[in-house]
Amino acid sequence: MKNRGGQPVVVPAGSPGPTGSGQPAAATKKSLSASIAKFRELGLLAFIVILAVGVQFRNTSFLTWENLNDIATNTAILSILAVGMMLVIITRGIDLSIGATLALSGMIAALTVKEYPGLNPYVAVLLGVGIGIACGAVLGFLVSKINILPIIATLGMMNVFRGLTYEASGGKWVSAHQMPESFKAIATGKVLGINNLIFIAILIYIVAYYFVNHTRTGRQIYAVGSNPESAEVSGIKSGRILWLVYTIMGGLSGLAGVLWVAKFASAQGDTASGYELSVIAACVLGGVSIAGGSGKISGIILGSVLLGILNNALPMIDVSPFWQNWIQGMIILVAVLINAMVKRGIDRNNLMRRRI
């Protein structure tokens, strides 16, 4: 910028530019993204409310305390896994092995309590979490150090973990009568009429919210997902972040495996086969961008709740199982399209600002 005499004029940082705004472009982008994300979450919440009211008109038992408690209980494990998957997707990754990790961790925990009935059940929980962490650490190493594409690494290890599950069990089940009641009570016990799984999920979400919003590592996860090259230039060790998110995902999968086996009182080789797709769907519905760099804890809560309501409500209003899959698929497709349009709108807005 020059004055009337042709001499250059230095504009102080933060002063209004040609657009009359004193905010840096990055802050404007962040504000726009936050506003759109909030609007999207409010829209999802409104859709959930409308859906719940509509189902209630068709079946008056839907909004009873017992049914709502059942929905929350049945959604708890899904929502726990969605936390880890959100972190992975934010870093532009994917984890297709969580169902197999869940099955392996749950099977080892079940076999352990079967062999040692007097074992403290929380030791079994720690064992399952430890196995999950080990599985996640291996995946993180393959992705961050060997530079294998996440979809390839997790797809391959999915089969490895599933094979280990069958090998450990000898192809047999561990059934309810082989598990001590103290172990099953981890996932079936209640406090004030509310299932333990709900409290565990709430605790996980509180910790996750603090982690992603109030820690340096949490912010670095978003930075790596938004722009890996810039993150490296700024001194962030992207490899360490990638290894960490897959390890966290593995640990949560291990926890989910123990809770799953305790809840259903059954450990099988094919436990949770394909469950990773539901977890990914919960994240996508909650506004987590497959392109990376974007996702909120509040969003995946709503995404998990929506899936839980659909799984519970559609059978209650006598919707055919074939149509249930179609409806869920269409809702997920619409969510993906909305995410794509939102991202395109943000990019277009940023491009226009740079041109100005």
Residue ID - nearest to L119 (Cα to Cα), chosen from residues in segment 176-191 that are without any contact (Cβ under 8 Å) to a residue 24 or more places away in the chain and assigned to a helix (DSSP H, G or I): E181
Odd one out for V258 among (1) crowded, with 21+ Cβ neighbours inside 10 Å; (2) within 17 Å of the chain's Cα centre (by Cα): (2)
Output for segment 52-64, where each listed residue is of a type outside the set (V, I, T) and either part of a loop (DSSP other than H, G, I, E, B) or farther than 13 Å from M316 by Cα (or both): N59, S61, F62, L63
Matching option when the condition is surrounded by 24 or more Cβ atoms within 10 Å (Cβ to Cβ) and either modelled with pLDDT of 95 or more or assigned to a helix (DSSP H, G or I) (or both), among L111, L102: L102
Residue tally, condition of a type in the set (A, V, I, L, M, F, W, C) and either surrounded by 11 or more Cβ atoms within 10 Å (Cβ to Cβ) or at pLDDT below 65 (or both), over segment 336-356: 6
Test: residue in segment 267-280 that is closer than 30 Å to N159 by Cα, at pLDDT 85 or above, β-branched (V, I, T) and in a helix (DSSP H, G or I): yes
Test: residue in segment 261-277 that is under 10 Å from the mean Cα position of the chain (by Cα) and among the β-branched types (V, I, T): no
Some residue of segment 320-335 being at pLDDT 85 or above, part of a helix (DSSP H, G or I), within 25 Å of the chain's Cα centre (by Cα) and over 22 Å from G84 (Cβ atoms): yes
Failed condition for I36, given (1) assigned to a loop (DSSP other than H, G, I, E, B); (2) within 30 Å of I332 (Cα to Cα); (3) of a type in the set (V, I, T); (4) modelled with pLDDT under 60: (1)
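Listed here are the residues, each with its yes/no results for (1) more than 17 Å from the chain's Cα centre (by Cα); (2) acidic (D, E); (3) under 29 Å from A72 (Cα atoms).
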site: L197; (1), (2), (3): no, no, yes
site: N213; (1), (2), (3): no, no, yes
site: G218; (1), (2), (3): no, no, yes
site: S226; (1), (2), (3): yes, no, no
site: S230; (1), (2), (3): yes, no, no
site: W243; (1), (2), (3): no, no, no
site: Y246; (1), (2), (3): no, no, yes
site: G250; (1), (2), (3): no, no, yes
Flag if T64 is among the polar types (S, T, N, Q) and modelled with pLDDT of 50 or more: yes
Answer residue from segment 210-254, given it is aromatic (F, W, Y) and within 29 Å of F161 (Cβ to Cβ) and is surrounded by the most Cβ atoms within 10 Å (Cβ to Cβ) among those: Y246
Residues of segment 123-158 that turn out to be touching a residue at least 40 places away in the same chain (Cβ under 8 Å), over 21 Å from the mean Cα position of the chain (by Cα) and farther than 16 Å from A256 by Cβ, as a count: 1
Of all residues making up segment 294-319, the number that are among the aliphatic types (A, V, I, L, M), in a helix (DSSP H, G or I) and more than 15 Å from the chain's Cα centre (by Cα): 5
Qualifying positions in segment 154-175 - of a type in the set (G, A, S) and either modelled with pLDDT of 95 or more or part of a helix (DSSP H, G or I) (or both): G156, G163, A168, S169
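The values are calculated or read from the model by the stated rules, or taken from the named source; none is laboratory data. Keep in mind that this is a model prediction, so the values were computed, not measured. Counting neighbours? That spans all protein chains shown, and the Cβs are built from the backbone with ideal geometry, glycine included.
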